[in-house]
1. First measure r as the distance between the Cβ atoms of Asp10 and Val401, then evaluate 1/(1 + (r/R0)^6) with R0 = 35 Å and state the FRET efficiency to the nearest 0.05.
2. So who's got an amide H within less than 5 Å of the one on Met753, skipping anything under 5 residues away but keeping other chains? H placed 1.01 Å off N, in plane.
3. Largest first, what is the accessible-area ranking of Lys417, Lys150, Lys426 with a 1.4 Å probe?
4. Whole angstrom only: what separates the Cα centroid of segment 709-769 from the Cα centroid of segment 432-460?
5. With a 1.4 Å probe and all protein chains kept in place, how much accessible area does His149 have, in Å² rounded to the nearest 10?
6. If the chain between Phe386 and Arg568 were fully stretched, how many nm would it gain, using 0.36 nm times the residue separation less the Cα-Cα distance?
7. Could you give each residue of segment 83-95 its phi-based ³J(HN,Hα) in whole Hz, using Karplus coefficients 6.51, -1.76, 1.60 with θ = phi - 60°, and x for Gly or Pro?
8. With unit charges on the beta carbon (Lys/Arg positive, Asp/Glu negative), name the residue among Gly501, Ser463, Phe481 whose Cα is farthest towards the positive pole of the charge dipole of segment 462-597.
Amino acid sequence: MSRETLIGKDIPRIDSSDKALGRAKYATDIVLSGMLYARVARSPYPHAKILSIDTSEAEKLPGVKAVLTGIKDTPRGILMGVVSHSKDQVILPYERVRYVGEEVAAVAAVDEDTAEEAVALIKVEYERLPYVLTAEEAAKEGAPLIHDHKPGNVAASYRVDEGDVEEALKNSDYVWEKTLACDVASHALPEPFTAIASYESTGKFNVWVQNQCPFQMRQGLHNVMQVPASDIRVHSLAMSGAHGGRSDPSPSAFIACMLSRKTGRPVQVRMTREEVEECMRDKASKVWHIKVGFKKDGTITGRDIRTVLECGAYASSAVVELWVPLLIDEVLWRAPNYRYHGDLIYTNKTISSMMRTRSGIGPMAMDICFEQAGEVLGIDPMELRFKNALKPNEITPTKSVVTSTGLTESMIMAADKSGFRQKKGKMGPNRGIGIGCGNTQSMFYMGFRSGSTSFIKFNDDGSCTVFSGSCDLGQGNQTLFTQVAAEEIGIDMNDVKLCYGDTELCYQDPGNYSMSATVTSAQAVRKAAQDAKRRLLEIAADILDVSPDEVEMRGKEFYVKRRTGKGRGVKIGEVCRTAFKRGKPIFGFGDHRARVDYNEFEVGVKGVYGEKTYGQKVQSYSFGTTTVELEVDPETGRIRVDRIVAVNDCGTVLNPLLVRGNMHGQCNFMLGQSLSERTLWDAKTGRKITNTYRKYKVPTANETPDIETYFLNIPDPDGPYGAKEGSLGFGLGLHGAIANAIHDACGVWVYEMPITPDKLLKVIEENRK
């Protein structure tokens with residue numbers, strides 16, 4: 001009798017109990033013998049020259065064990081950054097600071113109070129410099145240069161030109177043109193950043209740090225600390241989210257390593273909430289200028305996009321944020337003529353990096369476009385969407401093949417489940433409904449890290465351990481990998497243990513980046529499990545004196561297939577022990593390389609981050625549609641979202657329980673950035689004002705609407721069991737759904753996120769006039 005499949009079953013997360021009962025070990029829970037505590041002195045200015053640093057008083061303070069400064073301790077010529085051509089940051093600056101909160105010096109002491117006192121004793125002499133806080137200011141002629149080697153404060157540019165956009169727009173029957181914008185956004189992680197480093201006399205670093213990509217973290221430490229990769233071990237940890245904000249190494253991790261090497265003792269660097277918000281990573285703000293040409297029948301003739309992003313003081317992984325919006329825009333809606341020009345601009349703000357919401361402003365633009373163009377052309381906006389939506393196996397302007405898409409099906413289902421057509425324009429005063437579409441990538445090109453290798457070893461009782469270099473940020477990857485291994489081998493999930501995110505024990509993996517956990521990491525686990533199952537069958541067949549293809553597994557025993565009765569069986573533990581006695585212990589090895597065009601990206605000096613890139617940049621794409629029902633208070637500008645219907649095209653749904661939970665999280669994440677999460681700076685001081693949860697308005701349970709989730713279950717040809725990314729793509733249509741619902745409720749259009757009450761009141765008043 002065949003075993004019931006685990007695929008498609010609601011399986012609770014295997015780490016839920018540990019987290020609920022406080023047993024999970026987070027970074028701040030780790031206390032090592034003799035551990036010192038570090039604090040960091042930070043710049044009070046957004047832009048200044050460092051003239052001198054006096055640490056003498058701090059060094060005299062009893063309990064202080066080491067002091068670091070950029071002038072004395074930062075290695076010259078070694079820069080931090082994700083991409084080689086955009087590296088522009090040192091661990092501790094020794095010439096200039098470029099944003100409020102930038103690390104200037106660090107102290108390690110026997111306790112936190114002593115470290116705090118010592119930091120206050122450090123005297124830094126600055127020469128203040130002019131600064132800029134917006135991309136618009138930074139791009140002006142004569143603006144102060146934040147990096148002298150970057151004229152115009154342009155950190156990076158990305159250009160795609162396909163077809164003849166000018167001619168297409170000129171010959172269009174209607175051209176829609178608008179400028180939209182979204183604010184800088186905080187990752188707003190509940191767990192403040194902590195890094196612990198322990199340097200051994202052998203020259204080895206042990207590091208515990210919140211990060212999405214353990215092997216990228218190790219590579220960064222290897223590059224900056226100038227030690228072999230084998231002398232750096234990044235340990236796995238429980239983490240409470242990342243959202244892209246832990247995708248590149250933080251200076252604090254390097255500071256912990258430097259202090260540990262200097263003192264010969266473990267060192268913890270822990271940041272306060274204010275430090276995290278002021279000094280870690282944000283999502284880049286974007287200005288999105290777009291023109292879309294249409295024929296009379298609603299066919300899109302061409303699309304012209306010019307976008308400007310702020311990367312803050314250093315390029316970091318914001319260079320990736322520059323071209324990812326293209327990967328989203330070109331895949332949703334057809335465009336035979338296409339232009340995308342993006343510029344990443346330095347400002348004297350907190351550094352920007354990737355964020356899980358990617359570019360919600362791009363999908364929002366097109367969802368507003370379809371509504372407004374439909375009115376002009378006399379065509380139902382839904383029909384415009386259906387006409388222009390990409391279909392399976394179509395090719396994007398930059399020559400990627402979209403192997404699977406349920407975009408059209410998701411629109412149909414979302415409209416049906418929400419009653420969209422029946423409700424639009426008929427919900428009564430100040431109430432409205434809107435619809436929006438989104439997508440994202442399932443594993444985009446990441447150089448040699450665009451693949452994962454997994455390993456499984458069996459114990460003599462028939463249980464096994466899976467080794468994966470990926471990690472779990474709270475979305476359930478531990479459960480996913482365990483489920484896939486148990487499914488392939490045919491054993492209980494309780495018999496599978498997982499070792500993950502440990503660079504000493506596991507093989508290379510992209511980490512939790514570019515939505516690779518399912519389509520790349522889990523696929524590698526699946527192949528490792530298949531390899532192990534093959535070895536189990538070979539040994540069992542030998543014991544049963546038949547060929548491997550005559551053997552099947554029932555429960556925890558192997559039997560000969562052709563026997564109608566139970567017959568003789570051999571238990572999995574006996575198979576494992578026999579294999580070990582013969583010097584052939586049971587193991588499995590699995591490797592998966594993403595289906596991307598490696599060679600295409602390696603041509604030229606700048607490769608994928610250069611001026612023009614074509615080829616299969618993404619293995620698979622997930623899609624989806626959301627509808628939003630809301631009510632607007634025209635006197636206060638407040639918006640109350642009452643209902644969200646979300647339809648997810650994430651391929652085969654491996655674990656509906658996990659995917660639903662992630663969908664709820666994405667809806668709330670997008671809701672905050674749509675309506676309340678506004679980031680403000682003090683123009684006089686250059687300091688971020690919204691540096692606590694009291695000031696940065698993350699949605700609470702009170703603002704959470706009813707959320708209904710649905711799946712299409714359209715298999716993808718490349719994912720494990722047909723699965724794709726399942727928690728982000730569908731939700732990128734939420735900005736557009738909210739904007740359209742606001743128009744349906746009160747007749748005004750909004751083009752900027754977040755839509756705070758003051759902004760909406762201003763638009764309503766302008767509309768009245």
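The values are calculated or read from the model by the stated rules, or taken from the named source; none is laboratory data. None of these values were measured; they are calculated from a predicted model. Neighbour counts are summed over all protein chains in view; Cβ atoms, including those assigned to glycine, are modelled from backbone coordinates with ideal geometry. The area values use the complete protein model at the heavy-atom level, side chains included, leaving out ligands, DNA and RNA. Shrake-Rupley method; radii C 1.70, N 1.55, O 1.52, S 1.80 Å.
1. Result of the calculation: an efficiency of 0.60.
2. Correct list: Ala181, Cys182, Asp183.
3. I get Lys426, Lys417, Lys150, largest accessible area first.
4. Answer, in whole Å: 23.
5. His149 has an accessible surface of roughly 120 Å² with all protein chains in place.
6. Stretched fully, the Phe386-Arg568 segment lengthens by 59.6 nm.
7. 10, 4, 7, 10, 5, 8, 10, 9, 4, 10, x, 10, 10
8. Positive-most Cα among the choices belongs to Ser463.
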